[in-house]
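Since the structure comes first, as structure tokens, the remarks are kept for the end.
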Amino acid sequence: MGMTISEKILARAAGLPSVRPGEIVECAVDLAMTHEGTAAAAQKFFAMGGARVWEPGRIASLLDHWAPAHTERIAGVHSLIRSFVAAQGIKNFYDIREGICHQVIPEKGHVRPGWLIVGTDSHTTTYGAFGAFATGVGVTDMAAVFLDGRIWLKVPPTIRFVIEGDLGPHVTSKDVMLYLLGRFGTEYATYKAVEFAGGTVRAMSVSSRMTLTNMAVEMGAKAGIVAPDDKTLDWLEPRLGFRPEVMNNDTDAVFELEIVINAGEIGIQVACPHSPGNSVPLHQVAGRPINQAFLGSCTNGRLEDLAAAVAVMGGRPVAPGVRMIVIPASREVYREAMGMGYIQALSEAGAVICNPTCGACIGAQMGLLAPGEVCIASSNRNFKGRMGSQDAEVYLASPAVVAASAVAGLIAGPEEVAGK
Amino acid sequence: MKIRGFAWKYGDNIDTDLIIPGKYLDIGDVRELARHAMEGLDPDFVSKFRPGDVIVAGRNFGCGSSRENAADVLKELGVGAVVAESFARIFFRNAINIGLPVLECEGCGKIEGGHEIELDMRSAMVFNHTSGSVYRAGSLPDFILDIVEAGGLVEYKKKSRR
Ligand code: SF4
């Protein structure tokens, strides 16, 4: 019986000829990704009796959640991490200037198809867009990985969404993901791997695919996977310095479920408070006044996202009384966006442009909401209290809808603001 | 390992931002952080919760972020165990790794707040001493129970490296 991509990766990492869903296997990790969680992981690593990390070259670390530090305590955490990576010889370290982990780690060439990656962040699933098996863990798990590079994992069954057909105008991979969450719910894939396949996915850019695998965790998934193709390899090659090998599904691979979706039935979606699963067609919420529009995050803070926003805004200013916050996902994205004139256009429209960081997405450091305020965001979670007040409301949507809403001052679609 | 306490009942999809909101994560001290546990869901939780009591929840408990602080604050408040119809996977791992007992139990929806319940981790049984009902939970492999009983992965690794 054949194996899925996920099963093949886990079998290889476990040193076994094959694995089956449900089996618990001990795997060697190819890459361990840590952000500010490095500090707690390091502390636990020493408490476990660790002295030197197992293989410094297999750890990639960066500072992104609170960057630059906004409190003295966070400054201390950052300083501790800088000392730890220096002392341990961890060279793949990116300080506050580079941006959000899930954008920076692939950009810097630390992700390869067929790899097993664990990260101290739930959206580590993003790297599945490159055909890696990537999953989030807590800091204690990471401390143990620091010790010996090994982790136990239960082999997940795979649910495969096969999406076929053309997406309508202004319908993006974000809408696809919100649609799937609305239709199947936020725990549909708990403990499972989710593969995104079909012509619609093949037609998407690598950046758009990253939005799918990023939000796979919103469906509870352990990993999100897109089988690598030439697009993936073209994206990776200049960053890795070589064209990597890929692992694909065996032709007789067994999926727990295969669900065929017609792209034509997916419209522009908005997820209402307080769950990404509360996703509805745009027209059901259009017209709701907003206080803030947030364009950024590891879900939708890439170049194509900024481009979509600029195109939708078409030189029109942000509506009076609305705060538009734009956070490019990485320094690379920021610089490219400057080269394209996007940053200038957004600034001229009245948007506040911040340095690449998690920022408003996690409501920890900037862009927080007051009680009663409404925000439309391109990020991935709208849990109660995530972006500030427990009494604020967050709607999730694509960059195009965020930008249209910023211009209109209320939740609106790109076509509604065009020509106004 | 057996845990006996009174049930605090919550619903489905209790996410990590409800357990501990992101805006507090820059508080370093877990005791300080724990004062905000569950505040968006149940403002009385911290003041009324008695150490040893047990959280009983619906589906997908702990969904969302990988923040281990979510498990940490519950342990800090003395939560004896969390029993849920299902868990989000990262929370489940984190709880085990910090030595907070967790059991997945389909039938636990029938347990009501205030009921006195007892968990037997090794046999994966949940006893409701108030109603007299008994539920079978999902059993955990021995090495995972060893981690929980050691008080978490730090203690477990420390011991196994000695
Ligand atoms: S941008 Fe948001 S979702 Fe992404 S890693 Fe940062 S906090 Fe997490």
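The values are calculated or read from the model by the stated rules, or taken from the named source; none is laboratory data. Because the structure is a prediction, the values reported are computed rather than measured. Backbone-built Cβ (ideal geometry, glycine too); neighbour counts: all protein chains shown.
Within the stretch B:128-154, the residues that satisfy the criterion of being facing chain A (nearest Cβ under 9 Å) and either surrounded by 16 or more Cβ atoms within 10 Å (Cβ to Cβ) or in a loop (DSSP other than H, G, I, E, B) (or both) are B:PRO141, B:ILE144, B:GLY152, B:LEU153, B:VAL154. When A:ASN291, A:ASN278, A:ASN248 are checked against the criterion of being assigned by TED's automatic domain parsing to the domain that holds A:HIS110 and more than 16 Å from the ligand (Cβ to nearest atom), a single residue qualifies: A:ASN248.
In the set A:GLU72, A:GLU36, A:GLU26, only one residue is within 24 Å of A:CYS298 (Cβ to Cβ), among the charged types (D, E, K, R) and within 11 Å of another protein chain (Cβ to nearest Cβ); that residue is A:GLU36.
Assess whether A:VAL312 counts as being in contact (Cβ under 8 Å) with a residue 40 or more places away in the chain, of a type in the set (Val, Ile, Thr) and crowded, with 24+ Cβ neighbours inside 10 Å. In short, yes.
Any residue in the stretch A:226-242 that is under 15 Å from the mean Cα position of the chain (by Cα), within 21 Å of B:ASP15 (Cα to Cα) and at pLDDT 95 or above? Checked against the condition, which is being under 15 Å from the mean Cα position of the chain (by Cα), within 21 Å of B:ASP15 (Cα to Cα) and at pLDDT 95 or above, the stretch A:226-242 yields no hits at all. Among the candidates A:GLY339, A:GLY350, A:GLY372, A:GLY359, single out the residue that is surrounded by fewer than 24 Cβ atoms within 10 Å (Cβ to Cβ) and closer than 26 Å to A:PRO276 by Cβ. Answer to the selection: A:GLY372. Of the numbered criteria (1) within 26 Å of A:PRO289 (Cβ to Cβ); (2) within 23 Å of the chain's Cα centre (by Cα); (3) modelled with pLDDT of 95 or more, the one A:GLY350 fails is (2).
List the helices (runs of 4 or more DSSP H) inside the stretch B:1-115, counting only whole elements, that have at least 3 residues being within 11 Å of the chain's Cα centre (by Cα) and away from the ligand (no atom under 16 Å from the Cβ). Spell out the reasoning first.
Numbers: elements: B:16-19, B:30-34, B:45-48, B:69-76, B:89-98.
Ranges flagged: B:69-76, B:89-98.
Take the conditions out of contact with any Leu (no Cβ under 9 Å at 6 or more places or on another chain) and either closer than 30 Å to A:HIS65 by Cβ or away from the ligand (no atom under 16 Å from the Cβ) (or both) and apply them to A:CYS272. Does it pass? In short, no.
B:PHE143 meets each of the listed conditions (1) under 26 Å from A:PHE46 (Cβ atoms); (2) hydrophobic (A, V, I, L, M, F, W, C); (3) at pLDDT 95 or above apart from (3).
Of all the criteria given as (1) under 20 Å from A:TYR191 (Cβ atoms); (2) in contact (Cβ under 8 Å) with a residue 40 or more places away in the chain; (3) touching a helix residue (DSSP H, G or I) at 6+ places or on another chain (Cβ under 6 Å); (4) within 11 Å of chain A (Cβ to nearest Cβ), the one not satisfied by B:ALA95 is (2).
Just a yes or no: is a residue in the stretch A:161-174 within 10 Å of another protein chain (Cβ to nearest Cβ) and closer than 24 Å to A:ALA329 by Cβ? No.
With a cut-off of at least 1 residues that are in contact with a strand residue (DSSP E or B) (Cβ under 7 Å, 6 or more places away or on another chain) and either within 16 Å of the ligand (Cβ to nearest atom) or acidic (Asp, Glu) (or both), name the strands (runs of 3 or more DSSP E) lying wholly within the stretch A:78-187. Break it down stepwise before answering.
Details: elements: A:116-119, A:133-136, A:150-154, A:158-164.
Here the list reads A:116-119, A:133-136, A:158-164.
Is it the case that some residue within the stretch A:41-62 is acidic (Asp, Glu) and within 16 Å of the ligand (Cβ to nearest atom)? Within the stretch A:41-62, not a single residue is acidic (Asp, Glu) and within 16 Å of the ligand (Cβ to nearest atom).
Within the stretch A:343-365, residues that are at positive phi and within 14 Å of chain B (Cβ to nearest Cβ) reach partners that are within 16 Å of the ligand (Cβ to nearest atom) and in a helix (DSSP H, G or I) with beta carbons closer than 7 Å, at six or more positions or on different chains, in the pairs A:GLY363/B:GLY22; A:GLY363/B:LYS23.
Scanning the stretch A:220-246 for residues that are buried (at least 22 other Cβ atoms within 10 Å of the Cβ) and touching a residue at least 40 places away in the same chain (Cβ under 8 Å) returns A:ALA221, A:LYS222, A:ALA223, A:GLY224, A:ILE225, A:VAL226, A:PRO228, A:LEU236.
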